[in-house]
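The values are calculated or read from the model by the stated rules, or taken from the named source; none is laboratory data. Just so it is clear, the model here is predicted, and its values are computed rather than measured. Methodologically, a virtual Cβ is constructed for each residue, glycine included, from the backbone with ideal geometry; neighbour enumeration extends over all protein chains shown. Each accessible area value is taken on the protein alone, full model and side chains, heavy atoms only, with ligands, DNA and RNA left out. Shrake-Rupley method; radii C 1.70, N 1.55, O 1.52, S 1.80 Å.
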Amino acid sequence: MGVGGIIPPNHVLLKVDRFGFSANNVTYGLLGEDPHFRYFEFHNAPNTNTTSSKTHGVIPVWGYATVVQSTHPRISVGERVFGYLGMSRYLLLPVDHDVNKYNFYVPRPHLPEDRRPYNQITRCAADPLYDPMREDELMIYRPLFWTSFWCEDWLHTTKVAKDTDGIIISSASAKTAYCLAFVLNLRRLYGKVALPAGADWTGTGGTAQPRIVGVTSKRNLEFTKSLRLYDEVFTYDQINELAKRGSRWVYVDVAGNKEFNNKVFKSFGSHIAKGVSLGMSHPSSSKENESFANSNSRLEMFFMPEWLAVRRTNTSVKEITQLQFAGWDALMRTCHQWIQIERVWWSGAAIWQDNVKEVIEAYEECVNGEIGPDRGLILSMWEKGQFDKTSQVKAKL
Ligand SMILES: NC(=O)c1ccc[n+]([C@@H]2O[C@H](COP(=O)([O-])OP(=O)(O)OC[C@H]3O[C@@H](n4cnc5c(N)ncnc54)[C@H](OP(=O)(O)O)[C@@H]3O)[C@@H](O)[C@H]2O)c1
């Protein structure tokens, strides 16, 4: 469909400008057909001669878009929005009845009610976190940070980490992992997830309890140490050394590497007071033909939308907004230390002239773990030079 076509009532046509891309999106792809996560059921693959929703999945991404057509009376053409989009140039979305100043929602009655955060399209004009100069950092960190933030909230609220020697986090160089270390540090230092006015995050240190310990690969060891977010960093093959110390640990698994997890549980035995599954950044685990949610019975899965649904029953929207705002402010004042933003276009040249598809290369590098943790990828399905800030469409669809 061209942008000049007629769209159905109560729909918006979004021009997807660009989106963040990290191991998190690779995991969305790996779990696309998982019966619990169902990530391929958010956006249908188009029906063409070579693709269909039966044979292909669209990997969801968090990104910014501009409304280029609207048949909803309360949504205007030209609006800037943020949400759970697809890797595409355009996205046609239905809009449900709940449209307010801050958000509108995509109706997805086929998915569980707690997936609502994924259905939310945030309207930038009224978004307290929006900063037009920092869209790239917002796209990269927003989805990951909220998982880390609410996971820490869960550990704190349910007192899981109380009276433990420390918290061990695998895939410690991953953004989700080190954002968790960051919020754990804030809580430990200030008693809440916030950075006091005028204070700068200068790194962990001293002998504060509980210890925050990262485990990473050899190639990412120096980067992980340089973050100054972990009291100690081990490589995967050094984990036995840590097991000799302490008697009560919480293990948060971001790697999802079954072999390593078996090693952890073998080395630590009953000294792991709680094992939490937060991610699967090591794609080898995808080879296992079983549900991620049930892949390791010794790990309890943390899934942010589910915990947020629990939190909403005992915490007001205002309070949740305040908590989030304080955490986000701390992140935005600190994250410039951690990554270099890198923009990648569909292709440096016109697609009909050249086979160089830079987005595909970046995608493959990400799947193969070749993107260093110091790089923050922003992808666009537009070609360099076709995209401009006024959202004019120069390409033929
Ligand atoms: N539960 C949730 O709701 C939720 C929400 C957000 C993210 N997550 C999960 O958290 C995980 C991390 O996502 P992220 O976006 O934060 O990651 P990221 O910043 O892109 O970090 C990637 C890291 O993963 C490891 N890695 C990546 N590819 C690899 C490969 N091919 N082989 C081996 N190791 C590889 C490396 O860490 P090491 O060298 O340190 O192992 C690498 O530094 C993902 O699985 C994501 O789905 C879960």
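Observations, loosely collected:
- Of the residues making up region 226-243, one or more are among the charged types (D, E, K, R) and over 28 Å from C335 (Cβ atoms).
- If only residues of region 132-156 that are more than 15 Å from the ligand (Cβ to nearest atom) and touching a residue at least 60 places away in the same chain (Cβ under 8 Å) are counted, the one that is farthest from the chain's Cα centre (by Cα) is R134.
- Of all residues in region 1-51, those satisfying the criterion of being in contact with a helix residue (DSSP H, G or I) (Cβ under 7 Å, 6 or more places away or on another chain) and of a type in the set (S, T, N, Q) are S22, N24.
- Number of the exception - N185 against (1) within 16 Å of the ligand (Cβ to nearest atom); (2) touching a strand residue (DSSP E or B) at 6+ places or on another chain (Cβ under 9 Å): (1)
- The helices (runs of 4 or more DSSP H) located wholly in region 106-210 that include 1 or more residues which are β-branched (V, I, T), over 22 Å from V26 (Cβ atoms) and open to solvent by 50 Å² or more (accessible area, probe 1.4 Å) occupy 135-157.
- Test result for T27, among the polar types (S, T, N, Q) and away from the ligand (no atom under 16 Å from the Cβ): no
- Among residues of region 211-241, those that are at pLDDT 95 or above and open to solvent by less than 20 Å² (accessible area, probe 1.4 Å), counted: 11
- Residue satisfying all of: in region 247-266; under 23 Å from K162 (Cβ atoms) and part of a helix (DSSP H, G or I); farthest from the ligand (Cβ to nearest atom) among these: F265
- If you filter region 273-302 down to residues that are surrounded by fewer than 18 Cβ atoms within 10 Å (Cβ to Cβ) and at pLDDT 90 or above, you find that the one that is nearest to G369 (Cα to Cα) is M301.
- Within region 216-241, the set of residues being within 11 Å of the ligand (Cβ to nearest atom) and part of a helix (DSSP H, G or I) comprises K218, R219, N220, L221, F223, T224, Y236.
- Residue list for region 1-49, filter: among the small types (G, A, S) and either buried (at least 22 other Cβ atoms within 10 Å of the Cβ) or touching a Gly at 6+ places or on another chain (Cβ under 9 Å) (or both): G20, S22, A23, G29, G32, A45
- For K244: the one exception among (1) within 13 Å of the ligand (Cβ to nearest atom); (2) more than 22 Å from A326 (Cα to Cα): (1)
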